[in-house]
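Read-outs: derived from the displayed coordinates by stated rules, not from any lab. A quick note: this is a predicted structure, and the numbers were derived from the prediction, not measured. Neighbour counts are summed over all protein chains in view; Cβ atoms, including those assigned to glycine, are modelled from backbone coordinates with ideal geometry.
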Amino acid sequence: MYKAYDRYRNPLDAGYRVMQSDSRLVGTIAAIHAENLKRDEIRRSKCVELKGVKEYFAPQELMCLSRA
């Protein structure tokens with residue numbers, strides 16, 4: 001499995017606090033669902049799940065605020 005990176009190339013992992021760039025929604029990553037994706041598809045695919053949020057986000061939409 002490949003690593004997901006935010007819009008500034010910071011690595012993302014479960015437990016990291018992130019902010020969505022357009023809506024400024026702040027949340028904690030629950031999981032990254034990138035099992036069947038190629039390395040170049042991960043950045044653009046909506047595969048990041050935030051705790052308490054029903055939709056998924058693409059890593060390039062997110063900015064890492066703090067690490068677990």
* Asked: What is the local net charge at residue 19, summed over the other residues whose Cβ is closer than 11 Å to its Cβ (Lys, Arg +1; Asp, Glu -1)?
  -> 0
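Please give the calculated 222 nm ellipticity per residue for the chain, where each DSSP H segment of at least 4 residues contributes -39500 (n - 2.57) and the sum is spread over every residue; nearest 500 deg cm²/dmol? All intermediate terms of the calculation are to be shown ahead of the outcome.
Working: 1 runs with 4 residues, N = 68.
The helix contribution divided over the chain gives -1000 deg cm²/dmol.
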* Asked: Just how large is the dipole of the stretch 22-61 about the Cα centre, in debye to the nearest 20, putting +1 at every Lys and Arg Cβ and -1 at every Asp and Glu Cβ?
  -> 40
* Asked: Pulled fully out, how much extra length does the chain show between residue 17 and residue 46, if you take 0.36 nm times their separation in residues and subtract their Cα-Cα distance?
  -> 8.7 nm
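Find the Rg to Rh ratio for the chain, where Rh is the Kirkwood radius over alpha-carbon pairs and Rg uses the same atoms. Mind showing how you got there, number by number?
Values: Rg = 10.5 Å, Rh = 11.5 Å.
Using Cα coordinates only, the ratio equals 0.91.
Give me the net charge for the shell around residue 10: Cβ to Cβ below 13 angstrom, other residues only, Lys and Arg +1, Asp and Glu -1. Write down the numbers at each step before the final one.
Numbers: positive: 3, 7, 9, 17, 43, 67; negative: 6, 13.
Neighbour charge sum, excluding residue 10 itself: +4.
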* What does the charge count near residue 29 come to, summing +1 for each Lys or Arg and -1 for each Asp or Glu among other residues with Cβ under 14 Å from its Cβ? -> 0
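Would you count, across the chain, every pair of lysines whose alpha carbons are under 19 angstrom apart, provided the pair is eight or more residues apart or spans two chains? Write out the running numbers ahead of the final one.
On the way: 3/38; 3/46; 38/46; 46/54.
Counting lysine pairs in the chain gives 4.
What dipole magnitude, in Debye to the nearest 20, does the chain give about its Cα centre under +1 on Lys/Arg Cβ and -1 on Asp/Glu Cβ?
Working: 13 positive and 9 negative charges, 31 e Å.
Around 160 debye, computed over the chain.
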* Can you pull the one-decimal nm distance between simple spin-label points at residue 35 and residue 53, each 7 Å off the Cα toward Cβ? => 2.3
